[in-house]
Structures are given as structure tokens and as C-alpha cells.
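Worksheet for the structure shown next.
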Amino acid sequence: MNILEKICHQKIIDVTKKKTKIDYEKKIKIQKRRKFLDKLLINNKDKFNLIAEIKRASPSRGEICKKFELNEIALDYAEAGASCLSILTEENFFLGKLEYLSFVRNIVDLPLLRKDFIIDEWQIYESYFFGADCILLILAIIDDNQASRFYEVAKDLNLDVIVEIHNYDELQRALKLKVECIGINNRNLKTLKINLDTFKKLSKKIPKNIIKLCESGIKNNTQVRRFSKEGADGFLVGESLMVSNNIKKQTEELIKK
């Protein structure tokens, strides 16, 4: 069983337990959300569009942020000029918490992405309840019927959606969904290995009207400039920022034009 299968196996167990206890669909009232994707359409003269990720740990490196001060991290990202925030909520492998979403929502006014492994429609309502403005749908872990249904549910809740792909087959599946935003992950979720050429190869085949995000393996401004020239409208970066001793300064340097 590879790491992605382990994560999803545990997620199924966790969701199955939780969904019998709480019906979030009945708890929520549909309201306007912060426009996540709109922030990524802004062409800022001074900085590149960044989805800065709050990420405490990872399967490949374990705990990556020893001094995890959620309040300070969120404010540092916002003050450094991040367009949006991504909050990892998976508990077992990334040490995240759903409560981080609602906590951060009260601190900054940036749109929030719930970064997790969504394998059940119930999680989308859960995401809304805790304050997400956008969700991530990873095509590697759901089939076409699920992807279509999950996308529809999210849009009905006024949530934006990033559809994440890793290869050409997943790209074709994403395009059939008529999505607004595709995230190209340079990391192979099954092996955790990174190939920075993944974005370049796949982004060429994505229509111009779709927002293209570059994810994983981004460590410096030189790479950001390279991927921007290759068509990236925004960048999702977490690990290289979270390990920094000065998150605000590191973020500023990463996204400056």
C-alpha cells in the first residue's frame, strides 16, 4: 500500500465515523463566501499570486514546523502579500485540524482553501461549516462520477474548486468537468517524489481561460519566475515557507516580481 492509499484508507475510516454523528448539510446556511479564484485573476505589478499554505507536517518529512503558532503564521502570510491561504486539515499524516479554518478566518480576510483528501460529499458540507471558501478535489483519489457530483455540490454552496491533477489522463478528466481552475501537482502522491517538469508538460495542454496553479517543489523566486513564464497564474507553496525561521520575509522574497 503506497502512502496515498494509506492516507485515503484512514480517511474513509475517519469520515465514516464522523458522518454518522453530525449532519453538516442541515447545519449550514448558504451565504456569500470570499472569492478565492477571483484573487488569482488579479495581475499585480509587484508580486506573483501565492496560495500560502499552513502545513504543520508531511508524510515525507514529518513535523516541519516545530514552533507552530497559527496566529503568527496566518498574519505573516497576509502581511507578506499572499493572495489566499491554504490550510491543511488532515490530522493523521499532516497534523492538521479542521478548527484551523475557522480560527484563521477570524484573523485574516484572505480567502481560505481547505486542503485535504476529499473522498465523500459529506466533507464538502463540513468544509463549508468550518469556513472554507474553496476546496481541493484530487482526481487521483476519486472517480469521474464523484468528481462531477462533488464539483456540483461545492458550486451550489458558493465554494470555489481547485481540481488537482498529476498526469495527462487526469488532465483530460478535469477538462471534461469544465473546471475553472486546475492545480498541477509536481509531486507524485504515491511515491512523494517531485518532478518540476510536470507543470511545464501539462500546462501547455490547458486552455487559456482556465486558471493554472503550480503546486509542490517551489523553493525560490527563480522557480516562481520560471513557472510564471510557463503559464502559471498562481502558486501553492507550503513546505519551503513553513520551515523558514522568518516566514514573512521568506514569503515576500518568494513572490516579488
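With respect to the conditions (1) without any contact (Cβ under 8 Å) to a residue 24 or more places away in the chain; (2) within 20 Å of Gly96 (Cβ to Cβ); (3) in a helix (DSSP H, G or I), Lys66 lacks only one, and its number is (3). For Arg173, the conditions (1) within 20 Å of Leu41 (Cα to Cα); (2) at pLDDT 95 or above; (3) surrounded by fewer than 23 Cβ atoms within 10 Å (Cβ to Cβ) all hold with the exception of (1).
Selection of first residues in the range 194-205 that are more than 16 Å from Val224 (Cβ to Cβ) and of second residues that are of a type in the set (Phe, Trp, Tyr), restricted to Cβ pairs under 9 Å at least 6 apart or on distinct chains, gives the following pairs, ordered by first then second residue: Lys201/Tyr168; Leu202/Tyr168; Lys205/Tyr168. Among the residues of the range 173-181, is there at least one that is within 18 Å of the chain's Cα centre (by Cα), among the charged types (D, E, K, R) and closer than 19 Å to Ser86 by Cβ? Looking for residues that are within 18 Å of the chain's Cα centre (by Cα), among the charged types (D, E, K, R) and closer than 19 Å to Ser86 by Cβ, one finds at least one in the range 173-181, hence yes. The residues of the range 196-225 that are within 21 Å of Val243 (Cβ to Cβ) and either out of contact with any strand residue (DSSP E or B) (no Cβ under 7 Å at 6 or more places or on another chain) or of a type in the set (Val, Ile, Thr) (or both), listed by number, are Leu196, Ile218, Lys219, Asn220, Thr222, Gln223, Val224. Scan the range 78-86 and tell me whether some residue there is touching a helix residue (DSSP H, G or I) at 6+ places or on another chain (Cβ under 9 Å), buried (at least 22 other Cβ atoms within 10 Å of the Cβ), of a type outside the set (A, V, I, L, M) and not in a helix (DSSP H, G or I). Yes, the conditions are met somewhere in the range 78-86.
Conditions (1) touching a Phe, Trp or Tyr at 6+ places or on another chain (Cβ under 6 Å); (2) among the β-branched types (Val, Ile, Thr); (3) loosely packed, with under 15 Cβ neighbours inside 10 Å, marked per residue:
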| site | (1), (2), (3) |
| --- | --- |
| Lys6 | no, no, yes |
| Val15 | no, yes, no |
| Thr20 | no, yes, yes |
| Lys32 | no, no, yes |
| Phe36 | no, no, no |
| Leu40 | no, no, no |
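Here Ile64 meets the list (1) modelled with pLDDT of 90 or more; (2) surrounded by 15 or more Cβ atoms within 10 Å (Cβ to Cβ); (3) hydrophobic (A, V, I, L, M, F, W, C) almost entirely, failing just condition (1). Total residues in the range 133-147 satisfying the condition of being under 17 Å from Ile210 (Cβ atoms) and in a helix (DSSP H, G or I): the figure is 2.
Filtering Val179, Val104, Val161 for residues that are without any contact (Cβ under 8 Å) to a residue 60 or more places away in the chain, part of a loop (DSSP other than H, G, I, E, B) and buried (at least 18 other Cβ atoms within 10 Å of the Cβ) leaves a single hit, Val179. Scanning the range 182-205 for residues that are in a loop (DSSP other than H, G, I, E, B) and more than 17 Å from the chain's Cα centre (by Cα) yields Lys190, Thr191, Lys193, Asn195, Leu196, Lys204, Lys205. Inside the range 206-247, residues that are in contact (Cβ under 8 Å) with a residue 12 or more places away in the chain, among the hydroxyl-bearing types (Ser, Thr, Tyr) and not in a helix (DSSP H, G or I) make up a count of 1.
The values are calculated or read from the model by the stated rules, or taken from the named source; none is laboratory data. The model shown is predicted, which means the values in this text are computed figures rather than measured ones. When we count neighbours, we look across all protein chains shown, and the Cβ atoms used for this are built from the backbone with ideal geometry, even at glycine.
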